[in-house]
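Contents: one structure, followed by commentary.
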Amino acid sequence: MFRRLLDAPYVLLTLVPLFWAGNIVLGRHVAGQVPPVALAWFRWVLAFLILLPFTYKALREDWPLIRRHFGLLTLIAFTGISAYNTIFYWGLQFTPALNGLLMQSTGPLLIALWAFLLLGDRLSAGQAIGISLSLVGVVIIICRGDLAVLTTIGFNIGDIALFSAMVLYGLYSALLGRRPPLSRLGFLAFSIGWGAVLLTPAFIWERFSGPPLSFNLLTLVSMAYVAVFASVLAYLFFNRGVDLIGPNRAAPFFHLMPLFGSVLAILFLGETPHLYHAAGYALVLCGVATATFFGKKKAAPEKV
């Protein structure tokens, strides 16, 4: 059944923003208890330890390819694992959630830009229309149906950090189209493990000079969630989805994150649903469907 799931790109790419939306909800609860670098470092170390029993054979078999393409794989690990998450966690300390969601909505556009620069991939008319529709839906949800809210938003160093993080993730997403033919599990394990190693100097620096780290039931459960769902499964599903349909057609699924985030807030944080939620959801779903089904299909053979 899991193998069948890995051949269903639209299901995979729908689950990814759901897992990441849960990560944002949990992140709000632990923001004052787990510093940003520590949260990112524990996330990836735990994820690698979870993966290792299932991937050590793949890593051993893929080692010649890893050595041959070490530079490219290091860039992929640094942009998508080490830098993106850490910078985003850091930026959320200085900016409200509204600004963070607006920055997240730039993901599809940045992925499309990097895909054009690195791969020569051009947006089709359907993809451009779909990204635009879903972006409008995101803005409606974020602004709660009142576009005048956009005029009251102030930008600070946190917003610059969030946008920089999205630029890096757009680069990571485009680089996936050029990754060497490692096995799926070998590539994921190496990216996460090497990304954690690259992050270690920053983690050590933060432990000596940054705020204290608190361990309690909430932080431990949160770390377990971000390691399993927001890291191992989300990155496995996202990488596989990009393999199957390409970065441009996968990008609009980013816009499902505010949709899922607001649903989770309604279910678990007691927020009240409004008409603007329905309007925003409809536009997001229409945009994702348009961009997905009216683009060129891109499938890549892969060693299992």
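The values are calculated or read from the model by the stated rules, or taken from the named source; none is laboratory data. Here the structure is a predicted model, which means the values were calculated and not measured. Positions of Cβ are backbone-derived with ideal geometry, glycine not excepted, and every protein chain shown enters the neighbour counts. Each accessible area value is taken on the protein alone, full model and side chains, heavy atoms only, with ligands, DNA and RNA left out. Shrake-Rupley method; radii C 1.70, N 1.55, O 1.52, S 1.80 Å.
In this structure I266 has an accessible area near 40 Å², from a 1.4 Å probe over the protein heavy atoms.
The mean accessible area for residues of the chain, using a 1.4 Å probe and ignoring ligands and nucleic acids, is 45 Å² per residue. Quick one: among R178, R68, R249, which has the greatest mean-square fluctuation in a GNM of the chain with alpha-carbon springs under 10 angstrom? Highest fluctuation of the listed residues: R68.
Simple spin-label estimate for L285 and V263 gives 0.9 nm between the two label positions (7 Å along the Cα-to-Cβ direction from each Cα). Rolling a 1.4 Å probe over the protein chains gives V25 an accessible area of about 20 Å².
Helices in the chain that qualify as membrane-span-like (whole DSSP H runs, Cα extent of at least 30 Å along the helix axis, mean Kyte-Doolittle hydropathy of 0.5 or higher) are 9-30, 36-68, 184-209. Taking a ≥ b ≥ c as the square roots of the eigenvalues of the alpha-carbon gyration tensor, the chain is classed oblate because a/c is 1.5 or more while a/b is no larger than b/c.
Rank these by accessible area, largest first, 1.4 Å probe: Y172, Y89, Y56.
On the way: Y172 0, Y89 35, Y56 115 Å².
Order by accessible area, largest first: Y56, Y89, Y172.
Here the chain is treated with +1 on each Lys and Arg Cβ and -1 on each Asp and Glu Cβ, and its dipole about the Cα centre works out to around 880 debye. On full extension, the segment bounded by S209 and L275 gains 19.1 nm, given 0.36 nm per residue less the C-alpha separation. Take Y10: with every protein chain present and a 1.4 Å probe, its accessible area is about 70 Å².
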